[in-house]
Structures are given as C-alpha cells and as structure tokens.
Amino acid sequence: MTKAFWAAFRRYTGIPLMRYISIVRISNAKKLLLGTTAGIKEIAWQVGFEDEKTFMKRFKQLEDITPSTYRNAFNRAKIVN
C-alpha cells in the first residue's frame, strides 16, 4: 500500500490503520469474552493476535482493564442483576 493510502485512511477515520485494526480486534474479543468460555489464549488467536501477551497488552491499552478482569466484571454484573 502506498503512503497516499495510509494518509487517506487516517484523514477519513482520524486514526492510523493499525490502531483501527486493533480496535476491531478488541471489539470482537470483548464479544467472545462475554459470550463464550474460551480461554484468553484461544480468544487472542481467534481475533488475530499471535500470542496472548500482545493481546492482553493491547486490550489493556484500549480498555484500561485486562481481558480477565473485563470478563469477570461483566459476569458478576449479570449475577447481581
């Protein structure tokens, strides 16, 4: 892809392409965390991360919470409601 493509993508979305891809992956991961019992490693792989460490780091950067804490917080919320 050319520099013009990267620049146009950023102008159109307001964010770099790689950040956009991370946002989409984490969004899909959040659905899997709440809708399945799959492990963190499996979910990381399913949404396109090569390893769970990178997945956990990126998840925390975007959500300010770890994937496990996210899953547990929403599971507790379901029990309370």
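Taken over the stretch 36-46, the criterion of being touching a residue at least 12 places away in the same chain (Cβ under 8 Å) and either more than 9 Å from the chain's Cα centre (by Cα) or within 15 Å of residue 19 (Cβ to Cβ) (or both) is satisfied by 40, 43, 46.
Of everything in the stretch 11-27 that is of a type in the set (S, T, N, Q) and surrounded by fewer than 14 Cβ atoms within 10 Å (Cβ to Cβ), the residue that is nearest to residue 54 (Cα to Cα) is 27. Every listed requirement among (1) modelled with pLDDT under 95; (2) surrounded by 12 or more Cβ atoms within 10 Å (Cβ to Cβ) is met by residue 43 save one, (1). Residues that are among the hydrophobic types (A, V, I, L, M, F, W, C) and within 15 Å of residue 10 (Cα to Cα) were ranked within the stretch 20-35; the one that is farthest from the chain's Cα centre (by Cα) is 21. Residue 71 meets the conditions (1) within 22 Å of residue 13 (Cα to Cα); (2) of a type outside the set (Val, Ile, Thr); (3) in contact (Cβ under 8 Å) with a residue 12 or more places away in the chain in every case but one. The failed one is (1). Checked against the criteria, residue 8 does not count as of a type outside the set (Phe, Trp, Tyr), assigned to a loop (DSSP other than H, G, I, E, B) and surrounded by 11 or more Cβ atoms within 10 Å (Cβ to Cβ). Kindly indicate whether any position in the stretch 68-78 is assigned to a loop (DSSP other than H, G, I, E, B) and surrounded by 11 or more Cβ atoms within 10 Å (Cβ to Cβ). For the stretch 68-78, residues assigned to a loop (DSSP other than H, G, I, E, B) and surrounded by 11 or more Cβ atoms within 10 Å (Cβ to Cβ): absent. For residue 55, the stated conditions do not hold, so it cannot be described as surrounded by 13 or more Cβ atoms within 10 Å (Cβ to Cβ), modelled with pLDDT of 95 or more and assigned to a loop (DSSP other than H, G, I, E, B).
The values are calculated or read from the model by the stated rules, or taken from the named source; none is laboratory data. Quick caveat: nothing in here was measured; it's all calculated off a predicted structure. Every residue, glycine as well, gets a Cβ built from its backbone with ideal geometry; the counts of neighbours run over all protein chains shown.
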